[in-house]
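J.: First, the structure itself, so that you have it in front of you.
Just so you know, all these numbers are worked out from the coordinates, no wet-lab data involved. All of these numbers come straight from a predicted model, not from anything done at the bench. Here Cβ is always computed from backbone atoms with ideal geometry, including for glycine, and neighbour counts include all displayed protein chains.
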Amino acid sequence: MAVITCRDAVVRALDEEMARDEDVIFFGEDVGKAGGVFKVTPGLFEKYGERRVRDTPISENAIVGAGVGAAVTGMRPVIELMFADFAAVTLDQIVNQAAKLRYMSGGQIQVPLTIRMAQGSAGGFGSQHSQCCESWFMHAPGLKVCVPGNPADILGLLKSAVRDDNPVIFLEHKGQYAERGEVPDHANHLVPMGQARIVREGGDVTIVAVQHMVGVALKAADTLAEQGVECEVIDPRTLVPLDMETIARSVEKTGHLVTVEEAVRAGGWGAEVVSQITENNIWSLEGPVVRVTLGAGIIPFSQPLEEHLLPGPEDVVAAVRRSLES
Amino acid sequence: MSTCLGAAVRHKMLANMLLVRHTEERIQELFLENVIRGTTHLCIGQEAVSVAMAEVVDAARGDTVTCTYRGHGHALALGMPLDSLMAEMMGKASGCSKGKGGSMHLADLEVGLLGTFAVVGAGLPVTNGAALTAQLRGTGAISISIFGDGTPNIGAWHEAVNLAAVWKLPVVFLCENNRYGEYTPYDDTAPVPNVSDRAAAYGIPSAIVDGQDAEAVYPVLLEAAEKARAGEGPTLVEALTYRYRGHSRSDPATYRPEGELERWMERDPIDILAQRMQADGQLTAAAFESLRDQQKAEVQRVTEWAMNEPWPALEETLEDIWAPSGDSAAQREGA
């Protein structure tokens, strides 16, 4: 086991997959010579050359479209859109083309495309460079959605995404790029999609969180443990497919469910988790389900405002208390 | 335009133009009879561009095509079987896309048709990707993107043409300028007199051709294709043409000035080629009539066949959304 950063995990996954399969190509804005705006992809350009690692114009429609067309004709492109917020520029290519071409062609077409984006708050990036956009893509059947939150999951899921024959939205949390974690040394570490990870076991309440919010949930769990409440923290790792089985099993054990999202409340993945539990496991619940979210907030620039809006451990503690004490 | 094609190619083009014409006329009737639902966009009047384009495409080599929702003509010219198209129009299981696509979403990878894209401008970026594959693999294949005169007003067009120019992708951008973007005349929405004028902004060559004359379109497309195959990058070809019908099923096209349609019909693409073949002794009037009757009969035969084809099984509704993942075995291994 080696200890690497989330940033290292991205470049290692791409390196391993590009070495393994010549059809894997990688392009996006500044990803080549500059090694990426977030310095996530250094060395790939030097190693694989300008044919397979390409800098693009600032043209999100052209980037995603070229990814779709290359994928449809047999390549396995990985593309980067830099900030996930910019996916809005090319939503047509993502939700109308990449997601639907297979279905609309009666299964003739395959789109093995990985679209990497950095999302989430990293402190002071403002309203258009800080959003968590995962729920946008859950509404477009045909897209898989990965939200890994540590080096091992980034490494294993990105490799799985590249090998997947479907278009995959691969969201990295830009606030986590410098976070460290252990990863296996061998070059075949794959994390399957649709398999949640139980990050911490506990019998009193189930907390579901992804990416940066996993750390927030764990801090809350520490506080609650001191108060005699044992939390089970679950990281779904992929939202499409979503491992409801693991979540439901946990809720059957704990009777309480709290979801923690760094995103808007309405129509979020937390709402989906909660809906599925109330549809299928309502008799397991012994208290109200509670969602911790940004509400209907927009990420502000000012530091105290941004920190106030983002869920913190104290918000999760309060949510758990509400579920347990209502 | 002087003769540049052999009798066999001319005959094929003529036969395909007649097939497209009669297929679309029948499709329009079937809409009115409620046999076909939704909407449709006919290319009647524009057939010459389709058949000339198809002559340039070599699907066996890996050439690919994207076009718009006005794509029946391109699909048939490329060689999509008529039964496959007609069954798709009716939403039947034996359609090219198992009935899930319909008039606006035709695809047939066998003939190089990646898809008819129903969102204006969406096909061009995808064409670039197909051309990128050809460039990386060194196959000499090209990708052709066909679009209308309204498309250069959408951002995706500019992003795609720019990227193709920067990466010298083997692409031919083929505009069918039929003078109207939906219901609005070209001149009301574009600041330059010709679509091809836009090529200068991206430093790529362009050409304007008579889109009513298949033999005028063909050599220009061929030259653009050969340049692309040789690694010289994309060309923008603008074919001046006209749709005899409205934008879509519900458009009676009352916005057109009086006499405009008639003037264009005097230069009908089928008549132009047929008359030239007759003048060159390659076709008699009787043979032309016989070919027309033959294609009409084929359309009628296939229509009746398609009407009797089964609907897709309801279990198909949610099939074909997901690809069974390529390396799922390896994924389990690593789990």
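J.: Please compute one quarter of the surface area of the Cα convex hull for the protein assembly as shown and express it in square nanometres.
T.: Values: hull surface 126.3 nm².
Over all viewing directions, the protein assembly as shown projects a mean Cα-hull area of 31.6 nm².
J.: Considering chain B as a Gaussian network with a 10 Å cut-off on Cα pairs, which listed residue, B:Trp322, B:Trp264, B:Trp167, attains the greatest mean-square fluctuation?
T.: Highest fluctuation among the options: B:Trp322.
J.: Still on this structure, please answer the following. Charges on Cβ only, +1 for Lys and Arg, -1 for Asp and Glu, centred on the Cα centroid of the protein assembly as shown; of A:Gln131, A:Thr293, A:Val24, which one is farthest towards the dipole's positive end?
T.: After comparing all options, I get A:Val24.
J.: Only bridges whose two residues both fall in chain B count here: according to DSSP, what percent of them are antiparallel, nearest 5? Don't skip to the end; give the middle numbers.
T.: Working: 3 of 27 bridges.
Around 10 percent of the beta bridges assigned by DSSP in chain B are antiparallel ones.
J.: Given charges of +1 on the Cβ of Lys and Arg and -1 on the Cβ of Asp and Glu, with all other atoms neutral, how large is the dipole of region B:187-326 about its Cα centre, in debye to the nearest 20? Working shown, then result.
T.: Details: 13 positive and 27 negative charges, 40 e Å.
Using only the charged Cβ atoms, the result is roughly 200 debye.
J.: Under a plain spin-label model, where a point goes 7 Å from the Cα along Cα-to-Cβ, how far apart in nm are B:Ala313 and A:Ile282?
T.: Each label point is offset 7 Å from its Cα along the Cβ direction, giving 3.5 nm.
J.: Which value, in debye to the nearest 20, describes the size of the charge dipole of region B:7-334 about its Cα centre when Lys and Arg Cβ atoms bear +1, Asp and Glu Cβ atoms bear -1, and nothing else is charged? The partial results should precede the final answer.
T.: Numbers: 27 positive and 45 negative charges, 73 e Å.
Dipole magnitude for region B:7-334 comes out near 340 debye.
J.: Among A:Asn188, A:Leu257, A:Thr206, which residue has its Cα positioned farthest towards the positive end of the charge dipole of chain A, with +1 placed on the Cβ of Lys and Arg, -1 on the Cβ of Asp and Glu, and the dipole taken about the Cα centre?
T.: A:Asn188
J.: For an R0 of 25 angstrom, estimate the FRET efficiency from the Cβ-Cβ distance between B:Ala201 and B:Glu232 and round to the nearest 0.05.
T.: On the way: r = 18 Å, r/R0 = 0.74.
Result of the calculation: an efficiency of 0.85.
J.: Per DSSP H run of at least 4 residues, take -39500 (n - 2.57); add these up for chain B, divide by its residues and hand me the 222 nm value, nearest 500 deg cm²/dmol.
T.: Numbers: 12 runs with 145 residues, N = 335.
Computed mean residue ellipticity for chain B: -13500 deg cm²/dmol.
J.: OK, next. In deg cm²/dmol and to the nearest 500, what is the mean residue ellipticity at 222 nm of chain A if only DSSP H runs of at least 4 residues count, each as -39500 (n - 2.57), divided by the residue total?
T.: On the way: 11 runs with 117 residues, N = 326.
Taken over chain A, the calculation gives -11000 deg cm²/dmol.
J.: How much FRET efficiency would the formula 1/(1 + (r/R0)^6) give for A:Asp222 and A:Asp55, where r is the Cβ-Cβ distance and R0 is 30 Å, rounded to 0.05?
T.: Details: r = 44 Å, r/R0 = 1.47.
Taking R0 as 30 Å, the efficiency between A:Asp222 and A:Asp55 is 0.10.
J.: Report the longest stretch of chain A that contains none of the trypsin sites (Lys or Arg not before Pro) sitting in a DSSP loop with at most 13 other Cβ atoms within 10 Å.
T.: Details: sites that count: A:Lys33, A:Lys39.
It works out to A:40-326.
J.: Would you please report the Å³ per residue occupied by the convex hull of the alpha carbon atoms in region B:191-275?
T.: Values: hull volume 11.2 nm³, N = 85.
Taking the convex hull of the Cα positions in region B:191-275, it is 132 Å³ per residue.
J.: Among A:His212, A:His256, A:His189, which one moves the most in a GNM of chain A with springs linking Cα atoms closer than 10 Å?
T.: Per the Cα network of chain A with a 10 Å cutoff, A:His189 tops the list.
J.: Enumerate the calculated ³J(HN,Hα) couplings along region B:128-141 in order (Karplus 6.51 cos²θ - 1.76 cosθ + 1.60, θ = phi - 60°), each rounded to whole Hz, writing x wherever the residue is Gly or Pro.
T.: Once θ is set to phi - 60°, the couplings for region B:128-141 become 4, x, 5, 5, 5, 4, 4, 5, 5, 8, x, 7, x, 6 Hz.
J.: For region B:7-334, build the convex hull from the C-alpha positions and give me its volume per residue in Å³.
T.: Details: hull volume 49.1 nm³, N = 328.
Taking the convex hull of the Cα positions in region B:7-334, it is 150 Å³ per residue.
J.: Also, I was wondering about something else. With charges set only on the Cβ (+1 for Lys and Arg, -1 for Asp and Glu), what does the dipole of chain A come to about its Cα centre, in debye to the nearest 20?
T.: Details: 28 positive and 44 negative charges, 134 e Å.
Dipole magnitude for chain A comes out near 640 debye.
J.: How much length would be gained if the chain were fully extended between B:Val192 and B:Asp271, taking 0.36 nm per residue of separation minus their Cα-Cα distance, in nm to one decimal? Numbers along the way, then the final one.
T.: Details: separation 79, 0.36 × 79 = 28.44 nm, distance 3.13 nm.
That works out to 25.3 nm of additional length.
J.: So what's the gap between the Cα centers of region B:91-149 and region A:24-49, to the nearest angstrom?
T.: Centre-to-centre distance over Cα atoms comes out at 29 Å.
J.: Please compute the net charge surrounding B:Ala164, taking Lys and Arg as +1 and Asp and Glu as -1 over other residues with Cβ under 15 Å from its Cβ.
T.: Values: positive: A:Arg54, B:Lys168, B:Arg198, B:Lys227, B:Arg229; negative: B:Glu159, B:Glu232.
Spelling it out: positives minus negatives among the neighbours equals +3.
J.: Another question, then. Which of the residue pairs A:Lys33/B:Lys227; A:Lys33/A:Lys174; B:Lys12/B:Lys92; A:Lys39/A:Lys159; A:Lys100/A:Lys159; A:Lys100/B:Lys227 have a Cα-Cα distance greater than 25 Å in the structure shown? Please report the intermediate quantities before stating the final value.
T.: On the way: A:Lys33/B:Lys227 29 Å; A:Lys33/A:Lys174 20 Å; B:Lys12/B:Lys92 28 Å; A:Lys39/A:Lys159 19 Å; A:Lys100/A:Lys159 23 Å; A:Lys100/B:Lys227 33 Å.
Checking Cα-Cα distances, A:Lys33/B:Lys227; B:Lys12/B:Lys92; A:Lys100/B:Lys227 exceed 25 Å.
J.: Another question, then. Putting +1 on Lys and Arg Cβ atoms and -1 on Asp and Glu Cβ atoms, find which of B:Leu291, B:Met265, A:Gly149 reaches farthest to the positive end of the dipole of the protein assembly as shown.
T.: Of B:Leu291, B:Met265, A:Gly149, it is B:Leu291.
J.: R0 = 35 Å: FRET efficiency of B:Glu262 with B:Ala297, Cβ-based, nearest 0.05?
T.: Numbers: r = 29 Å, r/R0 = 0.83.
It comes to 0.75.
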